[in-house]
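Asker: This is the structure I have questions about; it appears just below.
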């Protein structure tokens, strides 16, 4: 009677161990699958992968969330970069880190078309422009804020300190890039068209009136 009982006990023990091992394997496999599912998406690939590939389609939402998290916004696709120079700058830095270039498309046409020029002329990069005509005693400033521009003309009053200048007029408007070294705009106040040609190193520009401006760091 002892042998059958022993066999039954061994059989129960072996079946029990086998069941536990199977459960453990299944649990492990499930955990591995979860790890694969929750693995962080390749942020740089999100920026460089063509939008019509299978990978892009499968990771569209993950990429959106990853880029948004990197920029510190809820949904980067809804950001108006032309009105957010700091976020535009952060996006450019991210693109440059991933690709070695700032030429990454946002999908927003007005930003993509103007992006190369903004980095060299805009206040978001810390630049303003000035022109000094000592003979005429005229001092003029020019600033590109996103896709808007502002210009102000001052009378120098025989002074050299800008704090002693008198503002004569201030104008503003919208601008767009024509090429990597030229742009044009239109003034809001009188619909007058203006244009600017930049030097190859972006250290100076000449407007359509022949006035030369020098690029300086914003104060």
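Asker: What FRET efficiency would be calculated for the residue pair residue 197, residue 217, taking the C-beta separation as r and a Förster radius of 25 Å, to the nearest 0.05?
Answerer: In this case the efficiency is close to 0.70.
Asker: Suppose we take every Cα in segment 123-217 and form the convex hull; what volume per residue is that in Å³?
Answerer: Enclosed volume per residue, from the Cα hull, is 102 Å³.
Asker: Which peptide among 86-95, 208-217 comes first, and what is the full order, when sorted by highest mean count of other Cβ atoms within 10 Å?
Answerer: 86-95, 208-217
Quick note: the coordinates plus some simple rules give every number you see, no bench work behind them. Treat the numbers as computed from the prediction; the structure is a model and nothing was measured. For neighbour counting, all protein chains shown are included, and Cβ atoms are generated from backbone atoms with ideal geometry for every residue, glycine included.
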